[in-house]
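*Asks:* Mind having a look at this structure? Questions to follow.
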Amino acid sequence: MPRSEPIKAVRGMRDILPRERAIWRVAEKAAADVARSFGYAEIVTPVIEHAELIERVGEDTDAVAKELYRFDDRGGRHLALRPEATAGVVRAYFEGHLNQEPPPARLFLIGPMFRYNRPQKGRYRQFFQLDVEAIGSDSPALDAEVIEIAATWLHELGLRELRLELNTIGDSKCRPAYLELLRAYYRPLQDQLHGDCQRRLETNPLLLLDCKVPQCQPFKVDAPRITDHLCEECTVAWAAVRRLLDASGIEYRLDPYLVRGLDYYTRTVFEIYPANGEGAQDALGGGGRYDGLAEAEGWPPTPGVGFAGGLDRVTELVKAGGAEVIAAPAAEVVVLADAGLDVAAADVARICRTVRSVAVDYESKSLKAKMRSANKLGARWVLLLSAAEVERRVVQLKEMASGEQVEVGWADLPSHLA
RNA sequence: GUGGCUAUAGCUCAGCAUGGCAGAGCACCAGAUUGUGGAUCUGGCUGUCGAGGGUUCAAAUCCCUCUAGCCACCCCA
(Lines give C-alpha, C1' and ligand atoms only; values in the text may rest on other atoms or scores of the structure.)
Protein backbone atom coordinates (compact mmCIF):
# COMPACT_ATOMS: atom_id res chain seq x y z
CA MET A 1 0.00 0.00 0.00
CA PRO A 2 1.50 3.36 -0.98
CA ARG A 3 2.12 5.61 1.93
CA SER A 4 2.29 9.37 1.65
CA GLU A 5 4.40 11.70 3.75
CA PRO A 6 2.80 12.24 7.14
CA ILE A 7 1.53 15.74 7.62
CA LYS A 8 3.75 17.64 10.03
CA ALA A 9 3.23 20.82 12.02
CA VAL A 10 3.40 24.07 10.06
CA ARG A 11 6.81 25.73 10.07
CA GLY A 12 7.37 27.85 13.13
CA MET A 13 4.42 26.28 14.99
CA ARG A 14 4.96 23.86 17.82
CA ASP A 15 3.07 21.68 20.22
CA ILE A 16 3.27 22.08 23.94
CA LEU A 17 3.19 18.46 25.04
CA PRO A 18 1.76 17.28 28.35
CA ARG A 19 5.11 17.04 30.10
CA GLU A 20 5.99 20.63 29.14
CA ARG A 21 2.52 21.87 29.83
CA ALA A 22 3.15 21.56 33.58
CA ILE A 23 5.78 24.29 33.54
CA TRP A 24 3.60 26.47 31.32
CA ARG A 25 0.80 26.12 33.80
CA VAL A 26 3.10 27.35 36.55
CA ALA A 27 4.14 30.37 34.47
CA GLU A 28 0.58 31.20 33.50
CA LYS A 29 -0.73 30.83 37.02
CA ALA A 30 2.00 33.08 38.39
CA ALA A 31 1.15 35.63 35.69
CA ALA A 32 -2.55 35.61 36.50
CA ASP A 33 -1.96 35.62 40.26
CA VAL A 34 0.45 38.54 40.12
CA ALA A 35 -1.70 40.55 37.72
CA ARG A 36 -4.79 40.00 39.87
CA SER A 37 -2.90 40.94 42.99
CA PHE A 38 -2.35 44.35 41.38
CA GLY A 39 -6.05 44.63 40.56
CA TYR A 40 -5.84 43.61 36.91
CA ALA A 41 -8.72 41.66 35.36
CA GLU A 42 -8.41 39.09 32.61
CA ILE A 43 -9.56 39.85 29.10
CA VAL A 44 -9.56 37.67 25.99
CA THR A 45 -9.56 39.22 22.54
CA PRO A 46 -9.64 37.57 19.11
CA VAL A 47 -6.52 36.28 17.45
CA ILE A 48 -7.83 37.73 14.19
CA GLU A 49 -8.20 41.49 13.75
CA HIS A 50 -8.69 43.80 10.81
CA ALA A 51 -5.34 44.16 9.10
CA GLU A 52 -5.86 47.89 9.20
CA LEU A 53 -5.94 47.91 13.00
CA ILE A 54 -2.50 46.37 13.09
CA GLU A 55 -1.05 48.26 10.17
CA ARG A 56 -2.15 51.72 11.19
CA VAL A 57 -0.36 51.27 14.40
CA GLY A 58 3.12 50.31 13.27
CA GLU A 59 3.84 50.80 9.60
CA ASP A 60 7.60 50.96 9.72
CA THR A 61 8.17 48.21 12.23
CA ASP A 62 9.34 44.79 11.10
CA ALA A 63 6.56 43.14 13.05
CA VAL A 64 4.03 44.77 10.78
CA ALA A 65 5.92 45.57 7.58
CA LYS A 66 7.58 42.19 7.08
CA GLU A 67 6.22 39.72 9.60
CA LEU A 68 2.47 40.14 9.53
CA TYR A 69 0.24 37.16 8.75
CA ARG A 70 -2.28 38.77 6.39
CA PHE A 71 -5.12 37.14 4.53
CA ASP A 72 -8.55 37.85 3.09
CA ASP A 73 -11.52 35.90 4.35
CA ARG A 74 -14.32 34.55 2.16
CA GLY A 75 -16.18 37.81 2.57
CA GLY A 76 -13.27 39.78 1.18
CA ARG A 77 -12.29 41.32 4.51
CA HIS A 78 -8.59 42.16 4.91
CA LEU A 79 -7.53 40.44 8.10
CA ALA A 80 -4.40 39.69 10.09
CA LEU A 81 -3.28 37.42 12.89
CA ARG A 82 -2.30 39.68 15.75
CA PRO A 83 1.49 40.13 16.13
CA GLU A 84 1.01 41.64 19.60
CA ALA A 85 -1.86 42.22 21.97
CA THR A 86 -2.03 45.92 22.70
CA ALA A 87 -3.85 47.08 19.57
CA GLY A 88 -6.64 44.57 20.13
CA VAL A 89 -6.93 45.22 23.84
CA VAL A 90 -7.26 48.94 23.26
CA ARG A 91 -9.91 48.29 20.61
CA ALA A 92 -11.80 46.05 23.06
CA TYR A 93 -11.48 48.70 25.74
CA PHE A 94 -13.58 51.07 23.64
CA GLU A 95 -15.90 48.55 22.04
CA GLY A 96 -16.61 47.00 25.42
CA HIS A 97 -17.26 50.44 26.94
CA LEU A 98 -14.53 49.99 29.52
CA ASN A 99 -13.87 53.69 29.01
CA GLN A 100 -17.15 54.34 30.86
CA GLU A 101 -15.71 52.86 34.03
CA PRO A 102 -13.45 54.72 36.43
CA PRO A 103 -9.97 54.93 34.87
CA PRO A 104 -7.67 53.28 34.50
CA ALA A 105 -8.91 49.97 33.12
CA ARG A 106 -6.43 47.41 34.42
CA LEU A 107 -6.36 44.42 32.09
CA PHE A 108 -4.27 41.34 31.41
CA LEU A 109 -4.33 38.75 28.67
CA ILE A 110 -2.50 35.51 27.99
CA GLY A 111 -2.61 34.16 24.48
CA PRO A 112 -0.91 33.39 21.19
CA MET A 113 0.65 36.01 18.90
CA PHE A 114 1.86 35.47 15.35
CA ARG A 115 4.84 36.76 13.44
CA TYR A 116 6.11 35.44 10.15
CA ASN A 117 9.83 35.47 10.76
CA ARG A 118 12.48 32.82 10.43
CA PRO A 119 12.03 30.28 13.22
CA GLN A 120 14.80 29.59 15.66
CA LYS A 121 15.04 28.37 19.20
CA GLY A 122 13.14 30.88 21.34
CA ARG A 123 11.55 32.38 18.26
CA TYR A 124 8.43 30.84 16.83
CA ARG A 125 5.81 32.03 14.39
CA GLN A 126 3.18 31.36 17.01
CA PHE A 127 4.32 32.37 20.45
CA PHE A 128 2.56 33.18 23.69
CA GLN A 129 2.56 36.39 25.61
CA LEU A 130 1.43 37.69 28.93
CA ASP A 131 0.08 41.14 28.19
CA VAL A 132 -0.67 43.70 30.88
CA GLU A 133 -2.34 47.01 30.08
CA ALA A 134 -3.45 50.03 32.11
CA ILE A 135 -5.63 52.19 29.88
CA GLY A 136 -7.18 55.59 30.48
CA SER A 137 -4.63 57.31 32.68
CA ASP A 138 -1.40 59.14 32.00
CA SER A 139 -0.14 58.75 35.55
CA PRO A 140 3.54 57.78 35.51
CA ALA A 141 2.79 55.69 38.57
CA LEU A 142 1.14 53.23 36.22
CA ASP A 143 4.32 53.01 34.14
CA ALA A 144 6.12 51.93 37.28
CA GLU A 145 3.25 49.66 38.29
CA VAL A 146 3.32 47.76 35.01
CA ILE A 147 7.07 47.32 35.31
CA GLU A 148 6.64 46.10 38.85
CA ILE A 149 4.11 43.50 37.70
CA ALA A 150 6.58 42.27 35.11
CA ALA A 151 9.40 42.12 37.62
CA THR A 152 7.26 40.43 40.26
CA TRP A 153 6.05 37.82 37.82
CA LEU A 154 9.58 36.88 36.77
CA HIS A 155 10.75 36.95 40.37
CA GLU A 156 7.95 34.61 41.39
CA LEU A 157 9.15 32.17 38.77
CA GLY A 158 12.61 32.18 40.28
CA LEU A 159 14.19 34.32 37.59
CA ARG A 160 16.34 36.66 39.64
CA GLU A 161 19.27 37.51 37.38
CA LEU A 162 17.56 40.02 35.16
CA ARG A 163 18.43 43.27 33.47
CA LEU A 164 15.80 45.96 33.13
CA GLU A 165 16.56 48.59 30.52
CA LEU A 166 14.73 51.86 30.74
CA ASN A 167 14.39 54.96 28.62
CA THR A 168 11.94 57.67 27.63
CA ILE A 169 11.17 58.73 24.10
CA GLY A 170 9.16 61.89 24.77
CA ASP A 171 5.69 62.59 23.48
CA SER A 172 3.92 64.32 20.62
CA LYS A 173 4.82 67.67 22.12
CA CYS A 174 8.58 67.35 22.40
CA ARG A 175 9.49 64.44 20.15
CA PRO A 176 8.92 66.09 16.75
CA ALA A 177 11.41 68.82 17.57
CA TYR A 178 13.86 66.24 18.87
CA LEU A 179 13.48 64.12 15.74
CA GLU A 180 14.38 67.17 13.69
CA LEU A 181 17.52 67.61 15.77
CA LEU A 182 18.30 63.95 15.20
CA ARG A 183 17.76 64.25 11.46
CA ALA A 184 19.87 67.39 11.33
CA TYR A 185 22.65 65.54 13.13
CA TYR A 186 22.52 62.46 10.92
CA ARG A 187 21.92 64.06 7.52
CA PRO A 188 25.57 64.92 6.87
CA LEU A 189 26.43 61.34 7.83
CA GLN A 190 23.76 59.73 5.68
CA ASP A 191 26.20 58.21 3.17
CA GLN A 192 27.99 56.38 5.93
CA LEU A 193 24.85 54.68 7.30
CA HIS A 194 23.64 51.27 6.18
CA GLY A 195 20.67 50.96 3.82
CA ASP A 196 17.81 50.66 6.28
CA CYS A 197 19.14 53.51 8.35
CA GLN A 198 19.43 55.80 5.33
CA ARG A 199 15.77 55.20 4.66
CA ARG A 200 14.76 55.51 8.31
CA LEU A 201 16.53 58.83 8.65
CA GLU A 202 13.49 60.47 7.11
CA THR A 203 10.71 58.02 7.99
CA ASN A 204 11.53 56.98 11.54
CA PRO A 205 14.82 58.47 12.74
CA LEU A 206 14.36 57.17 16.28
CA LEU A 207 15.26 53.71 14.99
CA LEU A 208 18.75 54.97 14.11
CA LEU A 209 19.55 54.89 17.82
CA ASP A 210 18.51 51.26 18.00
CA CYS A 211 20.55 50.16 14.98
CA LYS A 212 23.08 47.39 15.65
CA VAL A 213 24.92 47.43 12.35
CA PRO A 214 28.60 48.11 13.15
CA GLN A 215 29.05 50.86 10.57
CA CYS A 216 26.30 52.93 12.20
CA GLN A 217 27.62 52.65 15.76
CA PRO A 218 30.30 55.40 15.83
CA PHE A 219 27.77 58.16 15.23
CA LYS A 220 25.52 57.36 18.17
CA VAL A 221 27.77 58.75 20.85
CA ASP A 222 27.47 62.33 19.70
CA ALA A 223 23.83 62.11 18.65
CA PRO A 224 21.47 64.39 20.55
CA ARG A 225 19.67 62.64 23.39
CA ILE A 226 15.96 62.83 23.90
CA THR A 227 16.42 63.15 27.65
CA ASP A 228 18.06 66.53 27.02
CA HIS A 229 15.11 67.70 24.97
CA LEU A 230 12.03 66.64 26.90
CA CYS A 231 9.08 68.95 27.38
CA GLU A 232 8.02 69.95 30.86
CA GLU A 233 5.40 67.19 31.23
CA CYS A 234 7.72 64.47 29.98
CA THR A 235 10.48 65.64 32.29
CA VAL A 236 8.16 65.41 35.27
CA ALA A 237 6.84 62.00 34.24
CA TRP A 238 10.32 60.64 33.58
CA ALA A 239 11.46 61.69 37.04
CA ALA A 240 8.33 60.22 38.63
CA VAL A 241 8.78 56.81 36.98
CA ARG A 242 12.34 56.56 38.19
CA ARG A 243 11.45 57.74 41.67
CA LEU A 244 8.74 55.09 41.98
CA LEU A 245 11.00 52.35 40.69
CA ASP A 246 13.71 53.40 43.12
CA ALA A 247 11.20 53.24 45.96
CA SER A 248 10.02 49.78 44.92
CA GLY A 249 13.56 48.46 44.95
CA ILE A 250 13.51 47.45 41.30
CA GLU A 251 16.90 47.90 39.70
CA TYR A 252 17.14 49.27 36.22
CA ARG A 253 19.68 50.54 33.76
CA LEU A 254 19.19 53.69 31.72
CA ASP A 255 19.75 53.08 28.05
CA PRO A 256 19.50 56.22 25.92
CA TYR A 257 19.48 54.09 22.77
CA LEU A 258 16.49 52.01 23.79
CA VAL A 259 13.53 52.85 21.57
CA ARG A 260 10.50 50.87 20.59
CA GLY A 261 9.82 49.80 17.08
CA LEU A 262 6.16 50.67 17.31
CA ASP A 263 5.24 54.24 16.48
CA TYR A 264 2.55 54.74 19.07
CA TYR A 265 4.85 54.48 22.06
CA THR A 266 5.41 57.64 24.09
CA ARG A 267 7.53 58.44 27.10
CA THR A 268 8.50 55.31 29.04
CA VAL A 269 9.98 52.34 27.19
CA PHE A 270 11.59 49.29 28.77
CA GLU A 271 12.87 45.83 27.99
CA ILE A 272 13.80 42.92 30.23
CA TYR A 273 16.64 40.49 29.55
CA PRO A 274 18.35 37.69 31.43
CA ALA A 275 21.37 39.34 33.07
CA ASN A 276 23.94 36.94 31.66
CA GLY A 277 22.18 35.93 28.48
CA GLU A 278 24.41 36.66 25.53
CA GLY A 279 22.18 34.77 23.14
CA ALA A 280 20.23 36.65 20.54
CA GLN A 281 16.63 35.58 21.11
CA ASP A 282 16.63 36.41 24.77
CA ALA A 283 14.35 39.38 25.43
CA LEU A 284 11.86 38.18 28.00
CA GLY A 285 9.57 41.14 27.78
CA GLY A 286 9.17 44.76 27.07
CA GLY A 287 6.67 47.52 27.00
CA GLY A 288 5.98 51.14 27.49
CA ARG A 289 3.51 53.94 27.29
CA TYR A 290 1.36 54.41 24.19
CA ASP A 291 -0.57 57.63 24.60
CA GLY A 292 -1.01 57.95 20.84
CA LEU A 293 -2.41 54.52 20.13
CA ALA A 294 -6.12 54.99 20.75
CA GLU A 295 -6.19 57.96 18.44
CA ALA A 296 -4.27 56.07 15.78
CA GLU A 297 -7.04 53.47 15.88
CA GLY A 298 -9.67 56.16 15.41
CA TRP A 299 -10.89 56.30 19.00
CA PRO A 300 -10.83 59.32 21.28
CA PRO A 301 -7.30 60.17 22.43
CA THR A 302 -6.64 58.01 25.46
CA PRO A 303 -3.39 57.30 27.26
CA GLY A 304 -2.21 53.86 28.24
CA VAL A 305 0.79 51.84 29.32
CA GLY A 306 1.55 48.15 29.03
CA PHE A 307 3.92 45.22 29.19
CA ALA A 308 4.30 42.09 27.09
CA GLY A 309 6.27 39.07 28.26
CA GLY A 310 7.14 35.97 26.28
CA LEU A 311 5.90 32.71 27.81
CA ASP A 312 7.97 30.57 25.46
CA ARG A 313 11.22 32.13 26.58
CA VAL A 314 10.26 32.43 30.21
CA THR A 315 9.35 28.75 30.49
CA GLU A 316 12.55 27.87 28.67
CA LEU A 317 14.57 29.89 31.16
CA VAL A 318 12.76 28.45 34.17
CA LYS A 319 13.58 24.99 32.85
CA ALA A 320 17.20 25.93 32.20
CA GLY A 321 17.40 27.29 35.75
CA GLY A 322 16.93 23.73 36.93
CA ALA A 323 13.52 24.27 38.47
CA GLU A 324 11.93 20.86 38.88
CA VAL A 325 8.39 21.00 37.71
CA ILE A 326 7.15 17.47 38.01
CA ALA A 327 4.10 16.75 35.95
CA ALA A 328 1.38 15.13 38.01
CA PRO A 329 0.45 11.67 36.78
CA ALA A 330 -2.40 11.75 34.32
CA ALA A 331 -4.22 9.25 36.51
CA GLU A 332 -3.68 8.54 40.20
CA VAL A 333 -5.54 5.25 40.01
CA VAL A 334 -5.39 2.69 37.22
CA VAL A 335 -7.90 -0.14 36.92
CA LEU A 336 -6.51 -3.42 35.55
CA ALA A 337 -9.25 -5.86 34.70
CA ASP A 338 -9.12 -9.29 33.07
CA ALA A 339 -10.41 -9.63 29.54
CA GLY A 340 -14.15 -9.19 29.10
CA LEU A 341 -14.63 -7.17 32.26
CA ASP A 342 -14.69 -3.72 30.66
CA VAL A 343 -18.13 -2.85 31.99
CA ALA A 344 -17.21 -3.75 35.56
CA ALA A 345 -13.89 -1.91 35.22
CA ALA A 346 -15.69 1.22 34.06
CA ASP A 347 -18.11 0.88 36.99
CA VAL A 348 -15.29 0.64 39.49
CA ALA A 349 -13.52 3.59 37.88
CA ARG A 350 -16.69 5.64 38.11
CA ILE A 351 -16.92 4.97 41.85
CA CYS A 352 -13.30 5.97 42.44
CA ARG A 353 -13.55 9.05 40.27
CA THR A 354 -15.45 10.81 43.05
CA VAL A 355 -12.18 11.15 44.96
CA ARG A 356 -9.29 10.45 42.56
CA SER A 357 -8.43 10.65 38.87
CA VAL A 358 -8.86 7.18 37.42
CA ALA A 359 -7.95 5.54 34.13
CA VAL A 360 -8.84 2.05 32.97
CA ASP A 361 -6.30 -0.03 31.10
CA TYR A 362 -8.37 -1.59 28.31
CA GLU A 363 -5.38 -3.02 26.43
CA SER A 364 -5.34 -6.75 25.89
CA LYS A 365 -1.99 -7.38 27.49
CA SER A 366 -0.74 -9.54 30.29
CA LEU A 367 -1.26 -8.34 33.82
CA LYS A 368 2.48 -7.97 34.16
CA ALA A 369 2.52 -5.64 31.18
CA LYS A 370 -0.35 -3.63 32.57
CA MET A 371 1.42 -3.30 35.90
CA ARG A 372 4.46 -2.03 34.08
CA SER A 373 2.40 0.57 32.24
CA ALA A 374 0.69 1.73 35.42
CA ASN A 375 4.06 2.07 37.09
CA LYS A 376 5.46 4.12 34.18
CA LEU A 377 2.46 6.40 34.25
CA GLY A 378 3.14 7.15 37.89
CA ALA A 379 -0.09 5.71 39.25
CA ARG A 380 -0.32 5.71 43.05
CA TRP A 381 -2.73 2.80 43.19
CA VAL A 382 -3.84 0.00 40.91
CA LEU A 383 -7.09 -1.91 41.20
CA LEU A 384 -7.03 -5.55 40.12
CA LEU A 385 -10.24 -7.08 38.93
CA SER A 386 -10.99 -10.71 38.02
CA ALA A 387 -14.29 -12.33 37.13
CA ALA A 388 -14.54 -13.86 40.60
CA GLU A 389 -13.92 -10.48 42.20
CA VAL A 390 -16.54 -8.84 40.04
CA GLU A 391 -18.93 -11.53 41.22
CA ARG A 392 -18.19 -10.62 44.87
CA ARG A 393 -18.09 -6.85 44.21
CA VAL A 394 -14.54 -6.49 45.50
CA VAL A 395 -11.18 -5.44 44.05
CA GLN A 396 -7.56 -5.95 45.00
CA LEU A 397 -6.32 -2.49 45.89
CA LYS A 398 -2.57 -2.19 45.61
CA GLU A 399 -0.60 0.83 46.69
CA MET A 400 2.35 1.10 44.34
CA ALA A 401 4.84 2.84 46.59
CA SER A 402 4.58 0.31 49.45
CA GLY A 403 3.51 -2.68 47.40
CA GLU A 404 0.80 -3.40 49.98
CA GLN A 405 -2.35 -4.98 48.69
CA VAL A 406 -5.76 -5.33 50.32
CA GLU A 407 -9.16 -6.57 49.26
CA VAL A 408 -11.76 -3.80 49.28
CA GLY A 409 -15.48 -3.80 48.54
CA TRP A 410 -16.47 -1.47 45.72
CA ALA A 411 -18.54 0.77 47.96
CA ASP A 412 -15.60 1.24 50.33
CA LEU A 413 -13.15 2.36 47.62
CA PRO A 414 -13.65 6.12 48.02
CA SER A 415 -12.76 6.00 51.69
CA HIS A 416 -9.66 3.86 51.01
CA LEU A 417 -8.45 6.27 48.32
CA ALA A 418 -9.25 9.52 50.11
C1' G B 1 14.69 38.24 4.73
C1' U B 2 20.67 36.88 4.44
C1' G B 3 24.62 33.25 5.47
C1' G B 4 26.04 28.43 7.55
C1' C B 5 25.26 23.34 9.76
C1' U B 6 22.00 19.22 9.88
C1' A B 7 18.04 15.29 8.47
C1' U B 8 19.30 7.15 9.00
C1' A B 9 14.23 2.54 13.71
C1' G B 10 9.36 5.52 18.36
C1' C B 11 14.06 8.39 20.69
C1' U B 12 19.63 9.52 20.70
C1' C B 13 22.99 8.52 17.10
C1' A B 14 27.04 5.40 14.12
C1' G B 15 27.68 4.15 8.95
C1' C B 16 28.95 8.54 4.19
C1' A B 17 36.12 11.11 2.98
C1' U B 18 37.19 5.77 -0.82
C1' G B 19 29.33 3.85 -3.71
C1' G B 20 28.82 -2.97 -2.90
C1' C B 21 23.49 -7.22 2.40
C1' A B 22 20.55 -1.27 7.06
C1' G B 23 23.56 -0.91 12.37
C1' A B 24 24.09 0.25 18.02
C1' G B 25 22.09 1.95 22.60
C1' C B 26 17.57 3.33 24.74
C1' A B 27 12.32 2.58 24.35
C1' C B 28 8.61 -1.12 23.15
C1' C B 29 6.84 -6.50 23.26
C1' A B 30 7.60 -11.39 25.40
C1' G B 31 9.95 -14.84 28.73
C1' A B 32 12.96 -16.11 33.13
C1' U B 33 8.60 -15.48 37.64
C1' U B 34 1.11 -20.45 36.49
C1' G B 35 -3.18 -13.17 37.42
C1' U B 36 1.26 -8.53 40.42
C1' G B 37 5.37 -2.94 38.63
C1' G B 38 10.42 -0.97 39.55
C1' A B 39 16.56 -4.14 39.50
C1' U B 40 18.91 -8.04 36.49
C1' C B 41 19.32 -11.60 32.52
C1' U B 42 17.49 -13.82 27.77
C1' G B 43 14.90 -13.40 23.25
C1' G B 44 11.95 -10.53 19.70
C1' C B 45 9.65 -6.42 16.66
C1' U B 46 10.68 -1.90 14.37
C1' G B 47 13.21 1.48 8.48
C1' U B 48 10.41 4.59 1.34
C1' C B 49 18.11 6.20 5.19
C1' G B 50 13.37 13.86 5.20
C1' A B 51 10.92 14.43 -0.14
C1' G B 52 11.75 14.63 -5.47
C1' G B 53 15.09 14.22 -9.44
C1' G B 54 20.17 13.10 -11.56
C1' U B 55 25.03 10.18 -12.15
C1' U B 56 26.15 4.75 -11.91
C1' C B 57 26.01 -2.20 -13.27
C1' A B 58 25.03 -0.60 -8.20
C1' A B 59 23.43 5.35 -4.01
C1' A B 60 22.05 6.08 3.12
C1' U B 61 26.94 7.30 0.77
C1' C B 62 28.34 11.51 -5.12
C1' C B 63 25.41 15.91 -7.68
C1' C B 64 20.88 19.23 -8.07
C1' U B 65 16.10 21.02 -6.23
C1' C B 66 12.61 21.25 -2.35
C1' U B 67 10.95 20.76 2.78
C1' A B 68 11.99 20.97 7.91
C1' G B 69 15.13 21.74 12.39
C1' C B 70 19.28 24.20 14.56
C1' C B 71 23.17 28.34 14.71
C1' A B 72 24.64 33.40 13.50
C1' C B 73 22.73 37.97 11.38
C1' C B 74 18.19 40.64 11.53
C1' C B 75 14.06 41.45 14.54
C1' C B 76 12.03 41.21 18.79
C1' A B 77 8.67 38.01 22.87
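The values are calculated or read from the model by the stated rules, or taken from the named source; none is laboratory data. Everything quoted here is computed from the prediction, not taken from an experiment. So basically every Cβ, Gly included, is an ideal-geometry build from the backbone, and we count neighbours across all protein chains shown. Surface accessibility is based on the protein's heavy atoms, side chains included, excluding ligands, DNA and RNA. Shrake-Rupley method; radii C 1.70, N 1.55, O 1.52, S 1.80 Å.
*Asks:* Of the residues A:150, A:177, which is among the aliphatic types (A, V, I, L, M) and open to solvent by 60 Å² or more (accessible area, probe 1.4 Å)?
*Replies:* Residue meeting the stated conditions: A:177.
*Asks:* Determine whether residue A:123 is surrounded by fewer than 23 Cβ atoms within 10 Å (Cβ to Cβ) and either under 25 Å from residue A:49 (Cβ atoms) or free of Cβ contacts under 8 Å to residues at least 40 places away in the same chain (or both).
*Replies:* Yes; evaluated as a whole, the condition is true for this residue.
*Asks:* So, residue A:48, is that one modelled with pLDDT of 90 or more, open to solvent by less than 100 Å² (accessible area, probe 1.4 Å) and of a type in the set (A, V, I, L, M) or not?
*Replies:* Here the answer is yes, as residue A:48 does meet what is asked.
*Asks:* Let me ask you something else. Identify, please: which residue in region A:173-219 is within 26 Å of residue A:234 (Cβ to Cβ) and small (Gly, Ala, Ser) and is, among those, farthest from the chain's Cα centre (by Cα)?
*Replies:* A:184
*Asks:* Does residue A:6 meet the test of being assigned to a loop (DSSP other than H, G, I, E, B), within 16 Å of RNA strand B (Cβ to nearest atom) and open to solvent by 70 Å² or more (accessible area, probe 1.4 Å)?
*Replies:* The answer is yes for residue A:6.
*Asks:* Please specify each residue of region A:360-385 satisfying the condition of being more than 6 Å from RNA strand B (Cβ to nearest atom), in contact with an Asp or Glu (Cβ under 8 Å, 6 or more places away or on another chain) and either open to solvent by less than 20 Å² (accessible area, probe 1.4 Å) or within 23 Å of residue A:415 (Cα to Cα) (or both).
*Replies:* Scanning region A:360-385 gives A:360, A:370, A:374, A:379, A:380, A:381.
*Asks:* Looking at (1) free of Cβ contacts under 8 Å to residues at least 40 places away in the same chain; (2) part of a helix (DSSP H, G or I); (3) over 18 Å from residue A:293 (Cβ atoms), which is the one condition that is false for residue A:176?
*Replies:* Only one criterion is unmet by residue A:176, namely (3).
*Asks:* A further question on this structure: When residue A:310 is evaluated against the numbered criteria (1) within 14 Å of RNA strand B (Cβ to nearest atom); (2) without any contact (Cβ under 8 Å) to a residue 60 or more places away in the chain; (3) not hydrophobic (A, V, I, L, M, F, W, C), which criterion, by number, is the only one it fails?
*Replies:* Of (1) within 14 Å of RNA strand B (Cβ to nearest atom); (2) without any contact (Cβ under 8 Å) to a residue 60 or more places away in the chain; (3) not hydrophobic (A, V, I, L, M, F, W, C), only one is false for residue A:310: (2).
*Asks:* Looking at (1) outside any helix (DSSP H, G or I); (2) over 21 Å from residue A:65 (Cβ atoms); (3) without any contact (Cβ under 8 Å) to a residue 60 or more places away in the chain, which is the one condition that is false for residue A:283?
*Replies:* (2)
*Asks:* How many residues does region A:87-115 hold that are open to solvent by 70 Å² or more (accessible area, probe 1.4 Å) and either in contact (Cβ under 8 Å) with a residue 60 or more places away in the chain or within 16 Å of RNA strand B (Cβ to nearest atom) (or both)?
*Replies:* Result for region A:87-115: 1.
*Asks:* Another question about this same structure. Scan region A:253-271 and give yes if some residue there is away from RNA strand B (no atom under 15 Å from the Cβ), surrounded by 20 or more Cβ atoms within 10 Å (Cβ to Cβ), more than 21 Å from residue A:130 (Cβ to Cβ) and modelled with pLDDT of 90 or more, otherwise no.
*Replies:* yes
*Asks:* Considering only region A:180-215, state which residues are open to solvent by 60 Å² or more (accessible area, probe 1.4 Å) and touching a residue at least 24 places away in the same chain (Cβ under 8 Å).
*Replies:* Once the filter is applied, which keeps residues that are open to solvent by 60 Å² or more (accessible area, probe 1.4 Å) and touching a residue at least 24 places away in the same chain (Cβ under 8 Å), region A:180-215 yields A:181, A:192, A:203.
*Asks:* Quick check, is residue A:344 assigned to a loop (DSSP other than H, G, I, E, B), touching a helix residue (DSSP H, G or I) at 6+ places or on another chain (Cβ under 8 Å) and open to solvent by less than 20 Å² (accessible area, probe 1.4 Å)?
*Replies:* no
*Asks:* If a residue must be among the hydrophobic types (A, V, I, L, M, F, W, C) and either near RNA strand B (Cβ under 7 Å from one of its atoms) or not assigned by TED's automatic domain parsing to the domain that holds residue A:361 (or both), how many such residues does region A:386-412 contain?
*Replies:* Here the count works out to 2.
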